[in-house]
Structures are given as structure tokens and as C-alpha cells.
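The values are calculated or read from the model by the stated rules, or taken from the named source; none is laboratory data. What you see is a predicted model, and the numbers here were worked out from it, not measured in a lab. When we count neighbours, we look across all protein chains shown, and the Cβ atoms used for this are built from the backbone with ideal geometry, even at glycine. Side chains are part of the model used for accessible areas, which takes the heavy atoms of the whole protein and leaves out ligands, DNA and RNA. Shrake-Rupley method; radii C 1.70, N 1.55, O 1.52, S 1.80 Å.
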Amino acid sequence: MQPFFKGKENFIVSVTILGIESSCDDTSAAVLRDTVLLSNVIASQRVHEAYGGVVPELASRAHQQNIVPVVSEAIRQAGIDRKDIDAIAFTRGPGLPGSLHVGTSFAKGLALALDIPLVDVNHLHGHVLSHFVKEAPDAEVPGFPYLCLLISGGNSQIIKVNGPREMEVLGQTIDDAAGEAFDKCAKVMGLPYPGGPVIDRLAAEGNAKAFKFAKPHVDGYNYSFSGLKTSFLYTLRDALKENPNFIEENKADLAASLQRTIIEILMDKFGRAIKDTGIKTIAIGGGVSANSGMRAAVEDYARRHRLKAFIPKRVFTTDNAAMIAIAGHYKFLNKEFCDITAPPFQRVII
């Protein structure tokens, strides 16, 4: 239990946080008591599959439909009453403007109605701190400092985490993110959206060394995936001229080779950062951390170099409100509250 002192009285009470996440196409609400998870409800949007990607206007409309039932269900599953909530944490950004507006407006309105503090959370901080969400009070969490490889559809970053509120970006993508590379290459192959999970499933059946794709040469710990995407596209273009059935006949091998290349790019820079900093605790987070090959690569690296690795459960890799609630928990303890007039932000800030 984390200490929280009210007024001048010297007593400890539990802190209950309602988290709300609406940065993209998942509407989620979660309840945390201190750092222990009481509920985590997620409503995904299937409407985007027909378009091969998220349609912002459709996403915001779906959030409007989902936000009330999702929050109500999270409170019900947690077994609490609204009067038990000490603060509301919400994703202020980065994300889609319309989607963020729905979650932000709802969080502000509920905070005003309940007369409780409002805590704004950076979506990326949530991913980094997802390892501190406990499903049991005695669950193990990372010690500080640790290095986190944040990999998702919009971000690829190596972050030195010195504390819940102290993070330093050591390297990041200069163009496309790893998740974007997975999804766009999958789309070129004619695979359904989202393509990353489909690539993961196909890769398990393929030869990871069947094809060779270009790897970028970028300074420092930064990443680039645009060259890989171009290389993948040209490989398909040239092969299809000779064999119109090339993709269908080589689907598993293409997926396995693509996945291997992306993981090698990620692990090369992450490994350099680990060696240079000498930090012995590592973690991954974000949607791509659900990838089987990525998880296996980090586990193998940690085992070979005698490091402590934290790999999140898959439910905490995608967008979810539990990670927003835990980030909000630490800001609440530090009395970092959000002004009711604060607007959402779209761009990446960490």
C-alpha cells in the first residue's frame, strides 16, 4: 500500500484511481487501488478492418458510444462505488484529436461531478510504467533505473527510466516506427488489418532466413524503418513480375524474414544502449512487445547477458487504461493535478 496523507492527520489510506484511455481506437477504463488492479475493461473497434487502418472520424464516434458503458463496467467489476474514487487519470496525448477529445471531455465532466482531482497522463509514460500494474500485491516490479524499449505503431524509443516521473529518451525513430513497418508491409502483402499480429502468426510457420531486407545505418541509438519498408516493397515488386503468385507461395517466409529483420534492428540498438549504460534491468512495452519473436529475443538476450527482463502480459501491451491509471497514481501521490481547461495534445512528448 502506498502512503497518502490527508490534511494534518498522520494516517494512511488507500488511493483509488479511475483510468480512462481513448488515444486511438480502443476505449478503455480501469480501476487501481494503490498499484493493484481491480478492473481493466477494453472495447475494441472492428469497424476499421474494412478500411485497412484506423479512420479517425469513425474512431471518435465509436468512443462516444463506448465511453459510458466501459467506465460503468470498470467500476462495477472493481466492486466499488463512484464515491470511492479519489482521482481520475486520463490520456491527454499523444493520439488522434477526436479520440482524445472524447476521453478528455468525459474525464473532466466526471471529475467535476464527483469533485475529485483530475490527472493527465502521457500515453507513452503509461506504456513504460505498465510493469508496475500489479494483479497481486506481492507481484515483482522493475527496480530503478531500468532501460525500456518502447515499440508500438507510432513510436520506437529507448528510454532510461530513473523513476516513475523521471524518464530520459536515449534514442528514437527518425521516421517510421516498428509497428508501422509491420502493418504497412502486411498491407502490401494483402493481409488484413491490423497486420502485425497476422505477420506474427505467419512467421511461426516460415523460414526467417529465406529473404534478406535492407537494414538502416543511423547514428547513436536512433532507429529508422523507412528503408526496410522500401526494400520489402521492391522485393515484392520485382518478384511479382516473374511470378504473379509469389506472395501467396512465400507468405510465411516473407513474414518470418520481415519479423526477423525488424527484431534485429531493434535489438541491435537496444543492446548497445544496455552495454553502454551498464544497466542490468530491462523492459519492453507498447503494441509490438506482444510480438512472439520480440518477446523471445528479449528473453534470450537477458538470459545470455544475465539481466533482469520484464515483459508485460499481452493485455498490457496494447492500449489499455490500467497503464494510464498507474501513471496517474504516481502523479497523484506527487500532487500533480491537471487544470480543467487543459486541452489534449497530439504530438509525442516524453
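Brief remarks on what is shown
- S72-S44 FRET efficiency (beta carbon distance; Förster radius 25 Å; 0.05 resolution): 0.90
- Net charge contributed by nearby residues that have their C-beta within less than 10 Å of L170 (K/R +1, D/E -1): +1
- Our estimate of slack between D219 and E248, defined as 0.36 nm per intervening residue step minus the Cα-Cα distance, is 6.8 nm.
- Sequentially through the range 243-255, phi angles give Karplus couplings (6.51, -1.76, 1.60; θ = phi - 60°) of 9, x, 9, 4, 4, 4, 6, 10, 4, 5, 5, 4, 5 Hz, Gly and Pro residues having no value and appearing as x.
- Pairs with C-alpha atoms separated by more than 22 Å, drawn from the list K108/K331; K160/K308; K275/K308; K280/K331; K83/K108, are K280/K331.
- Charging the Cβ of each Asp and Glu at -1 and of each Lys and Arg at +1, and nothing else, the dipole of the range 108-211 about its Cα centre rounds to 220 debye.
- Highest-MSF residue in the chain out of L96, L114, L38 [GNM, Cα springs under 10 Å]: L114
- Rounded to whole numbers, the Karplus 3J(HN,Hα) couplings from phi for the range 257-266 are 5, 5, 4, 4, 5, 4, 5, 5, 4, 5 Hz, using 6.51 cos²θ - 1.76 cosθ + 1.60 with θ = phi - 60°, and x at Gly and Pro.
- Distance from the range 274-310 to the range 156-232 (C-alpha centre basis), Å: 16
- Converting phi to 3J(HN,Hα) with the Karplus coefficients 6.51, -1.76 and 1.60 and the offset θ = phi - 60°, the range 112-129 yields 5, 5, 8, 6, 10, x, 10, 10, 8, 10, 6, 3, 5, 4, x, 4, 5, 8 Hz in sequence order, with x at every glycine or proline.
- In this structure the amide hydrogen of Y223, modeled in the peptide plane, comes within under 5 Å of the amide hydrogens of Q172, T173, I174, none closer than 5 places in sequence on its chain.
- Under the simplified labelling scheme, the F144-K241 pair shows an inter-label distance of 5.7 nm, with each label point 7 Å from Cα along Cα→Cβ.
- Ligands, DNA and RNA are left out, and with a 1.4 angstrom probe the accessible area of the chain is 45 Å² per residue.
- Under 25 Å from K187, Cα to Cα: lysines that are on another chain or at least 8 residues apart: K209, K212, K215, K229, K241, K251
- Its DSSP H runs of at least 4 residues, each contributing -39,500 (n - 2.57), put the calculated 222 nm mean residue ellipticity of the chain at -13000 deg cm²/dmol, to the nearest 500.
- FRET efficiency, 1/(1 + (r/R0)^6) with R0 51 Å, evaluated for L114 and E57 via beta carbons: 0.95
- Computed magnitude of the charge dipole of the range 230-350 (debye, nearest 20; Cβ of K, R +1, Cβ of D, E -1): 640
- Positive-end residue of P145, S60, Q77, charge dipole of the range 33-158 with Cβ unit charges: S60
- Percent accessible area from carbon and sulfur atoms, the chain, protein chains only, probe 1.4 Å: 50
- Placed amide H near G154: partners under 5 Å, 5+ positions off or other chain: none
- Point-to-point label distance, Q65-K313, nm (Cα→Cβ direction, 7 Å offset): 2.8
- Sequence-distant aspartates and glutamates (8 or more away, or on other chains) whose Cα lies within less than 16 Å of K335: D34, D86, D115, D120, E166
- Amide H partners (placed H, <5 Å) of V119, local residues excluded: I88, A89, F90, C338
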